[in-house]
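To keep things clear, I will list the structure first and then write my remarks on it.
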Amino acid sequence: MIRGLGLLARPLALAVLVSGIATLDLDVRDAVQRARNPALEPVMRAVTNVTQPRNVFALMVGVAVFGGPAGPVLVREATAALLPVNLVVEVLKRTVDRTRPDGSRDPNNASFPSSHAANACAIAVLVTRRWPRSGWIAWPLALLVCVSRMWLDRHYLTDVLAAAVIGAGIAWWVTRWARNAGRGWVESGRYPGGR
């Protein structure tokens, strides 16, 4: 009998946890939407557009050309990190198929997780690992991208948080793996404290 109660307790605890997260998502969404100010709309739209694929590509070309010897290395790292980040995000979007907070529903572009947030956090990790002093600008910009996605009512808090973990985690792993594996494309850019 006690064993049967233990088996029942796990799904019940999970249901309570999921219910609490859903409530938190809705509470945060309501707070953000109440705080929306028309004067900030152009800023939030511009920030969210920074991580559109064409803009990321243009940024990477700029880094490759003007980033000194480490510029092309960062572009290779970004390619190695952003491909798996976006693969994971797209698989999750199609698997979870969560309706966006604004009510739009498209299985190919679902709410969970946010690809904008994943890409922004991945890029912040890459830039910060390559140029540590740039973290003071890379991370606030990534955070602003994450907030803009909630501000524009395209994502819930958990969409953004999960994406941030996915993007930052994969980018960190890729750069660590490449450095430890002694990849030439990493060594030529020199990580601080690296080989």
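The values are calculated or read from the model by the stated rules, or taken from the named source; none is laboratory data. Owing to the predicted nature of the structure, the values given are computational and were not obtained by experimental measurement. Because the Cβ atoms are built from the backbone with ideal geometry, glycine has one as well, and the counts that use them run over all protein chains shown.
Summary of computed values
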item: Matching option when the condition is over 12 Å from Asn119 (Cβ atoms) and either of a type in the set (Val, Ile, Thr) or in a helix (DSSP H, G or I) (or both), among Val88, Val65; result: Val65
item: Test: Thr79 is more than 16 Å from Arg29 (Cα to Cα) and touching a helix residue (DSSP H, G or I) at 6+ places or on another chain (Cβ under 7 Å); result: no
item: Filter result for Thr99 (under 21 Å from Arg176 (Cβ atoms), more than 12 Å from the chain's Cα centre (by Cα) and polar (S, T, N, Q)); result: no
item: Restricting the range 76-114 to residues that are of a type in the set (Gly, Ala, Ser) and over 21 Å from Arg129 (Cβ atoms), the residue that is surrounded by the most Cβ atoms within 10 Å (Cβ to Cβ); result: Ser114
item: Qualifying residue in the range 84-103 (condition: outside the structural domain of Thr23 (by TED's automatic domain parsing), over 17 Å from Asp159 (Cβ atoms) and either at pLDDT 85 or above or in contact with a Leu (Cβ under 9 Å, 6 or more places away or on another chain) (or both)); result: yes
item: Tally of residues being closer than 19 Å to Asn180 by Cα, free of Cβ contacts under 8 Å to residues at least 60 places away in the same chain and not aliphatic (A, V, I, L, M) across the range 71-89; result: 1
item: Any chance Val73 is part of a helix (DSSP H, G or I), surrounded by 14 or more Cβ atoms within 10 Å (Cβ to Cβ) and in the same structural domain as Ala117 (by TED's automatic domain parsing); result: yes
item: Scan of the range 47-70 for residues that are more than 21 Å from the chain's Cα centre (by Cα) and touching a residue at least 40 places away in the same chain (Cβ under 8 Å), ordered by number; result: Pro69, Ala70
